[in-house]
Amino acid sequence: MGIFFSFFMVILLVLIAYFGIAAAGLHTLFGIIIPYAAFVTFCIGFLLKVIKWGRAPVPFHIPTTCGQQMTLPWINYSKLDNPSSTSGVIGRMILEVFCFRSLFRNLKTGLNNGNISYASDKWLWLAGLAFHYSFAVVLIRHLRFFLEPVPALINTIDSLDGFLQVGVPHFLLSGGVLLIAALYLFFRRTSNPQVRYISLPADYFPLFLIAGIALSGIIMRYISKVDIIKVKQLTVSLAELKGNAPEGIGTIFFIHLFLICTLLVYFPFSKLMHMGGIFLSPTRNLPNDSRIKRHINPWNPEVKVHTYEAYENDFREKMKGAGIPVEKE
Amino acid sequence: MYNGSKIIIGLIIFLAIATFPFYSNIGKSAGVPMPDTNTPVINGLDKKECVASAEYMKKEHMKVLDEWRDEVVREGKRDVINVGGRVFEKSLQNGCMQCHSNKSRFCDECHSYAGVKPYCWDCHHFKEGRI
Ligand code: HEM
């Protein structure tokens with residue numbers, strides 16, 4: 001059910017943008033107002049979510065570890081999998097963010113002659129990397145719409161991305177990889193019964209949304225072309241906080257833009273917040289120094305303690321009188 | 001907030017990246033491109049007509065050139081294009097640029113604005129004023 005619901009939600013979004021422009025001509029609404037509102041929602045929502053997480057205490061010291069902890073100097077320990085210092089944590093975090101290191105451990109569980117067996121399964125890791133990196137490259141390339149003059153670096157990335165020199169405008173690899181990777185991630189969710197069972201609309205919707213963004217972008221670049229000069233007039237005016245939406249761009253652009261605005265608004269309230277959340281994961285950002293430093297649960301109530309020393313001070317004479325041995329005479 | 005200083009530094013980095021397009025344009029002029037059709041050949045024409053309408057050419061000129069390339073180079077169809085009695089060769093340099101002889105003020109005007117670097121020019125080396 002989640003699949004159809006999510007799919008039709010994205011179709012509905014496309015239709016809203018289509019009729020909003022093609023039938024109602026609401027260029028300012030879809031070109032200026034909604035993008036600004038979406039961007040502000042994204043930024044403020046992101047900040048508030050991270051601050052909310054930051055206010056949550058971490059009751060236990062819970063670094064998940066996959067290697068030997070630091071103990072005696074003559075035992076080699078696993079500096080990246082089980083770091084005991086801040087620098088080790090930074091190293092683990094960099095590998096996690098740029099290489100998806102913990103996803104590399106992904107396993108496939110199966111039954112083998114009645115026995116449970118585990119096998120390596122790198123496809124999720126590979127598709128995840130392809131998806132995120134191509135997304136990043138597409139985003140960086142899109143800066144050509146927002147920056148005037150276009151920095152030479154952006155032009156270089158564009159020509160490297162189009163190095164196959166297929167067609168005009170040249171085919172950009174990252175856009176195609178993004179769409180294919182998103183479709184693979186969807187295929188993975190549906191083809192594996194266990195994964196499908198635990199998948200929710202919140203898993204399908206972002207995939208369809210991003211696939212829809214990539215597809216509308218690809219259509220707009222190669223098939224149903226838009227007036228790029230007017231697009232850039234709009235995007236530069238957005239960046240300069242002037243906001244004027246020229247007419248005659250082509251409806252497909254507003255579909256692309258409206259799906260992106262939806263993504264921005266949806267982002268802070270969804271699992272996509274793993275972008276910020278990865279840095280706040282206790283299992284990733286805590287060094288395993290639980291034998292070196294005492295971790296105190298921040299929500300422990302204030303306990304009034306009466307140490308034995310104080311107890312003896314209070315009752316020393318009575319204890320002596322009753323013949324109970326005391327530590328201090 | 002726990003570890004507040006670290007989290008706030010992270011959030012400032014996030015905001016600096018997210019709002020990059022807003023502050024990076026400050027102080028730079030964002031002129032709208034004005035492709036210039038003021039060349040001797042175009043000025044000498046009675047009827048200023050290209051191989052297709054301006055509206056079509058704006059979006060599809062690259063496709064037209066791509067198709068011409070395939071027809072001429074791969075299929076050997078060197079027949080000319082006739083628009084209202086005027087004859088155009090299916091060629092960038094011997095066709096289009098006979099009229100549009102001002103690459104920097106016509107082609108480049110939009111291409112650099114939109115960050116488009118067609119690789120046509122890698123081989124078709126064009127020096128302004130030589131045609
Ligand atoms: C989540 C962010 C976005 C994603 C994932 C995305 C994705 C894509 C993709 C895959 C393409 C196909 C060509 C390529 O690979 O570059 C494309 C093209 C395009 N996108 Fe986006 N896009 C995003 C944001 C935007 C924004 C914010 C705008 C402008 C307001 C925009 C405007 C365009 C335009 C005008 C094209 C056509 C490019 C051309 O003809 O060269 N996109 N987009």
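The values are calculated or read from the model by the stated rules, or taken from the named source; none is laboratory data. These numbers come from a predicted model, not from an experiment. When we count neighbours, we look across all protein chains shown, and the Cβ atoms used for this are built from the backbone with ideal geometry, even at glycine. Heads up: the accessible areas ignore ligands, DNA and RNA and are worked out on the full protein's heavy atoms, side chains in. Shrake-Rupley method; radii C 1.70, N 1.55, O 1.52, S 1.80 Å.
What the table shows:
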| read-out | value |
| --- | --- |
| Net charge contributed by nearby residues that have their C-beta within less than 9 Å of B:GLY84 (K/R +1, D/E -1) | +1 |
| 10 Å Cβ neighbours from other chains, averaged over peptide B:111-124 | 5 |
| Residues losing 50 Å² or more accessible surface upon assembly, the stretch A:32-76, compared with the chain by itself, 1.4 Å | A:PHE39, A:LEU47, A:GLY54 |
| Charge tally in the Cβ shell below 14 Å around A:VAL326, where Lys, Arg are +1 and Asp, Glu are -1, A:VAL326 excluded | -2 |
| Angle between chain A longest axis and helix A:86-99 axis [Cα atoms, degrees, rounded to 10] | 30 |
| Environment charge of A:ASN244, counting only residues whose C-beta is closer than 14 Å and scoring Lys/Arg +1, Asp/Glu -1 | +1 |
| Long-range HN-HN contacts of B:LYS90 with modeled amide H, under 5 Å | B:ILE81 |
| Dipole axis of the protein assembly as shown (+1 Lys, Arg; -1 Asp, Glu on Cβ), positive-most option in B:ASN38, A:THR251, B:TYR2 | B:TYR2 |
| Kirkwood-type radius of chain A, with distances r between different C-alpha atoms, in Å | 24.4 |
| Which of A:ILE296, A:PHE186, A:GLY54, positive extreme of dipole for the stretch A:3-298 (C-beta unit charges) | A:ILE296 |
| The stretch A:244-329: chymotrypsin sites (Phe, Trp or Tyr not before Pro) falling in loop per DSSP and having at most 11 other Cβ within 10 Å | A:TRP299 |
| Shielding of B:13-24 by partner chains, average beta-carbon count, 10 Å | 4 |
| Convex hull of Cα atoms in chain B, direction-averaged projection (nm²) | 13.2 |
| Nearest-ten-degree value, helix A:2-18 long axis tilted from longest Cα axis of chain A | 50 |
| Number of partner chain Cβ atoms within 10 Å, mean per residue of A:145-152 | 6 |
| Most to least packed among A:66-77, A:17-28, A:111-122 [average Cβ atoms within 10 Å] | A:17-28, A:66-77, A:111-122 |
| Karplus-derived HN-Hα couplings along the stretch A:57-65 (A = 6.51, B = -1.76, C = 1.60, θ = phi - 60°), whole Hz, x at Gly and Pro | x, 9, x, 10, 8, 10, x, 6, 10 |
| Dipole magnitude of chain A about its Cα centre (Cβ charges: Lys, Arg +1; Asp, Glu -1), debye to nearest 20 | 380 |
| Ranked packing of A:125-131, A:204-210, A:161-167, most packed first, by mean Cβ within 10 Å | A:204-210, A:125-131, A:161-167 |
| For chain B, the longest site-free run once trypsin sites (Lys or Arg not before Pro) in DSSP loop states with at most 12 other Cβ atoms within 10 Å are removed | B:79-126 |
| Acute angle (nearest 10 degrees) that the helix B:4-18 long axis makes with the longest principal axis of chain B, alpha-carbon atoms | 10 |
